[in-house]
1. Quick check, is A:Val98 at pLDDT 80 or above, more than 13 Å from every other protein chain (Cβ to nearest Cβ) and surrounded by fewer than 21 Cβ atoms within 10 Å (Cβ to Cβ)?
2. Go through the range A:119-197 and tell me which helices (runs of 4 or more DSSP H), entirely inside it, have 1 or more residues that are touching a Phe, Trp or Tyr at 6+ places or on another chain (Cβ under 8 Å) and modelled with pLDDT of 75 or more.
3. Tell me which residues, restricted to the range A:18-32, are in contact (Cβ under 8 Å) with a residue 40 or more places away in the chain and within 12 Å of another protein chain (Cβ to nearest Cβ).
4. Does B:Leu17 satisfy being free of Cβ contacts under 8 Å to residues at least 40 places away in the same chain and closer than 30 Å to A:Val86 by Cβ?
5. Considering the range B:144-191 alone, what residues qualify as being within 14 Å of B:Val233 (Cα to Cα), part of a strand (DSSP E or B) and among the aliphatic types (A, V, I, L, M)?
6. Identify all residues within the range B:166-190 that are surrounded by fewer than 24 Cβ atoms within 10 Å (Cβ to Cβ), among the aliphatic types (A, V, I, L, M) and more than 32 Å from the chain's Cα centre (by Cα); write none if there are none.
7. Spot the failing condition for A:Ala8; the list is (1) surrounded by fewer than 18 Cβ atoms within 10 Å (Cβ to Cβ); (2) away from every other protein chain (no Cβ under 12 Å), and only one is missed.
Amino acid sequence: MRPLIYIALGWLLLAAVGGLGQTLGLTVMLPATSAALVAHVVFGRDLSLPSCLLVAVALGYLEDMHQGTPAGLLSLAHGLCCCALVWSSRRLAVEGPVARALAAGVAAALVDLVTFAILFFVRRRLGVEGEALIAGLVQARWHALATVLAAPGVFLLAELALGAGDRAFGRRPRPARRSPLQARGSGSTLEGEGQSDWT
Amino acid sequence: MAGLRSAKNAVLVALLLGVPALLLRASLQDPRTLSGFDRVVVKVGAPLEAGVSYAAGNAGRFFERWLLQARLQDDNEALAAENRKLRLDLRGLQQVEEENRELRRSLQMRDKVAEDMIAAEVAGVEQSPFFRVVKLRLDRGDRVVRPGMAVIADAGVVGRIDRAADDHSDVMLITDPRSKVAVEIASTRAPGILEGIGEDRCVVHIAADLGVSVGDLVQTSGVDELFPRGQPVGQVVRVDDVVGAQQRVHVVPSARFDRLDMVWVVLASAPAPDPEGSGRPPAAAHGLGPLQ
């Protein structure tokens, strides 16, 4: 159920941010709410790896539909970004709202970077100039900054939606998996946690 | 068990990453040479794309309406502030218009009265229950105003100068018990002496054989050589018969003392009519010396 809640929330946020950007005339400084949600999914350590990837790919597909990019481009970027974040979450302790917000910004930058890489790879088939892609990549810093600023709100909405989903379906919240910092503090290592999907 | 789980996860990851890769491959194909798989991808994606666009459009319209309402509220507040300012300006203009009208009336009266007069601005009105005094501020600072001089306004007689000091003077109103003014009934020319009794009321004692009725106008007769002849004084509101050959006539002054803005102080009597003149009324005297 949680992946569906993430996807539904991502769709709503996508539509809301798009509508707000259209109304206010913003184009560049718009937060990547999908990237923020991917960061929340990964660093929340509540879903299994395939579920995380499913959420990321689905959110990327919605981004594809919304932004009019070739179908699969942002899906693949979000999927790869999710894998990278999962890999880093096993090695980095991202705790606290500020670190999570920064992680969301990194996720947005990572999505932009992967998107740039894919587009650069297929630029001839799409007929896109490399200089235009580089110029777009330079603008991605505003994208990441907006994501960092909007991430706490996105996380709050995600927590509220997940809590509401838990209450609605009578599900007991799963205890969050321990971060590497917590695992190290308790004396165990991640490598020893054979039951985890994240290993 | 852990190895099986890892293998399962690896398959799922590969599948989940392979799907978007295939989608991307399909979307990069030439539309004229789409394979069966690519056509399925397009067919599945089209309604999803329409749904996403519909949701985004609705959200956009929602935020647009919300923003529009906020802008309308701002416009409304700005217009309300402008309206308040315009109302204040209008009030000021109405005051200026009323003042202008008052000045015009005063100037017209100045042309009608032949006596030499000086304009004075009313500085204040004493609201004592026992006596009422109008304080004047003269528009000239010279010592031309002396006690006893008549003070009139366009609405009627006001009183006489009681005290004068530099450019400020106190006026004893015609309602003051000390005040006495020679008047006559405008319709019958019945003469009398107007005396103040306070509380915005005066009385005139007139011979009983001269007809006086309620509503008659009372004006100055000019026999006291203080007030110009024919200036309105008030209106008869009651007539009492008294023992003897006189009747007691109650008069309400025509001038509202609490609403005076500008008055005229009569400085000198009108010049004597020219017996050889053409019968025209004498022109207003200007610059004559004060009444001795």
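1. In short, yes.
2. Details: elements: A:123-126, A:130-168, A:180-185.
Output list reads A:130-168.
3. A:Gly18
4. Values: free of Cβ contacts under 8 Å to residues at least 40 places away in the same chain: yes; closer than 30 Å to A:Val86 by Cβ: yes.
It is true that B:Leu17 is free of Cβ contacts under 8 Å to residues at least 40 places away in the same chain and closer than 30 Å to A:Val86 by Cβ.
5. B:Ala150, B:Val151, B:Ile152, B:Val157, B:Val158, B:Leu173, B:Val181, B:Ala182, B:Val183, B:Ile185
6. If the condition is that a residue be surrounded by fewer than 24 Cβ atoms within 10 Å (Cβ to Cβ), among the aliphatic types (A, V, I, L, M) and more than 32 Å from the chain's Cα centre (by Cα), then B:Ala182, B:Ile185, B:Ala186, B:Ala190 are the ones that fit.
7. Of (1) surrounded by fewer than 18 Cβ atoms within 10 Å (Cβ to Cβ); (2) away from every other protein chain (no Cβ under 12 Å), only one is false for A:Ala8: (2).
Residues checked against (1) among the small types (Gly, Ala, Ser); (2) away from every other protein chain (no Cβ under 13 Å):
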site: A:Leu37; (1), (2): no, yes
site: A:His66; (1), (2): no, no
site: A:Leu74; (1), (2): no, no
site: A:Ala103; (1), (2): yes, yes
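The values are calculated or read from the model by the stated rules, or taken from the named source; none is laboratory data. The model shown is predicted, which means the values in this text are computed figures rather than measured ones. Heads up, the Cβs are rebuilt from the backbone with ideal geometry, glycines too, and the neighbour counts pull from every protein chain shown.
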